[in-house]
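The values are calculated or read from the model by the stated rules, or taken from the named source; none is laboratory data. Since the model is a prediction, treat every value here as computed from it, not as a measurement. Cβ placement follows ideal geometry from the backbone for every residue including glycine, while neighbour counts extend to all protein chains displayed.
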Amino acid sequence: PCGADQTCTDPNKASDKLHDFECACNNDMTVKKVDGPVTTCVIDECVRSPCGMGQTCVDGDTKASSMNDYTCECTNGQTATGKPATCEMGSTDECASTPPPCGTDQDCTDPNTTGTSLMDFVCTCRTGSGSQVGAAAACEVNECDASPCGAGQDCTDTMLTSTGDFECSCRAPKKGKSTGMAATCEFDECATTPPPCEMGQTCTDPVKTDTSLKDFTCECLNGVVATGAAATCETDECAVMPSPCGADQTCTDPDTASNKLHDFECTCNSDPNLKATDGPATCDK
């Protein structure tokens, strides 16, 4: 006996009393009427979202007696009554929206611009790999492909979906690494094989980086220093005290204008034919 979207209640079922049933609106149980349907129930059909995605629902008559009279309106003005509208969206391609739905360096494709299907556009990465439906893609790009590290360095990119996280590592015997930029490699020129200085010279590399090469120094025993190359040491081994030769022996250094060591000669004073190199001679007594 009650109308649509109304609840019927009979408070006195155990008696023969008639016409005492009560009708109440489902969406507002305080609105009631005895012995007949309520004629003032407000029913907004748009509350249940009967229209398609991206469409606007309008219920012009919210009386219970007026059902399926809501309208669905497309963004371009097309409408339908009592059902979702079929929106022709050729002029409102999702890829043509502002701002564009895809990320920088991504191509946007909308496969369905004439139906009610929204958020079906596809973003495809131009560089690297990856695609996404309905949102910007997370593009996988190996930053090492652009060779961002310096010569003699190895590049590693472990997070392909983010930028600036590649790592540059110096190759042995150099040391050092850096994230997001070329590394400053530590390189001790004095540790190379063969060593850059001659025997008996002290090698020092004050700045151990790739950008500072040939800055090592070679220092002679007598203090003569050369930078970036072996030093020319003027060393007379016979001039040291005590003499490297024994008593009653003559010391001779044939090459005092070079850094050659251990070439001095000891000659016995009693017999010039008795000699020894790099140490005292054995003289007849």
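Values for this structure:
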item	result
Which listed residue, of PRO244, PRO206, is more than 30 Å from GLY150 (Cα to Cα) and modelled with pLDDT of 80 or more	PRO244
Within the range 114-210, strands (runs of 3 or more DSSP E) holding 1 or more residues that are under 30 Å from CYS95 (Cα atoms) and either among the small types (Gly, Ala, Ser) or more than 14 Å from the chain's Cα centre (by Cα) (or both)	122-125, 131-133
Hey, ASP188 within 19 Å of CYS144 (Cβ to Cβ), at pLDDT 80 or above and among the acidic types (Asp, Glu) or not	no
Matching residues, the range 54-76, being among the β-branched types (Val, Ile, Thr), part of a loop (DSSP other than H, G, I, E, B) and either at pLDDT 70 or above or more than 16 Å from CYS25 (Cα to Cα) (or both)	THR75
Single residue of PRO101, PRO84 found to be more than 30 Å from CYS23 (Cα to Cα), modelled with pLDDT of 85 or more and in a loop (DSSP other than H, G, I, E, B)	PRO101
Counted residues, the range 124-154 - those being closer than 30 Å to GLU186 by Cα, surrounded by 15 or more Cβ atoms within 10 Å (Cβ to Cβ) and touching a strand residue (DSSP E or B) at 6+ places or on another chain (Cβ under 6 Å)	3
Candidate set: the range 258-278, residues that are assigned to a loop (DSSP other than H, G, I, E, B), of a type in the set (A, V, I, L, M, F, W, C) and at pLDDT 85 or above; chosen: the one farthest from CYS245 (Cα to Cα)	LEU274
Some residue of the range 17-28 being modelled with pLDDT under 70, touching a Cys at 6+ places or on another chain (Cβ under 8 Å) and not hydroxyl-bearing (Ser, Thr, Tyr)	yes
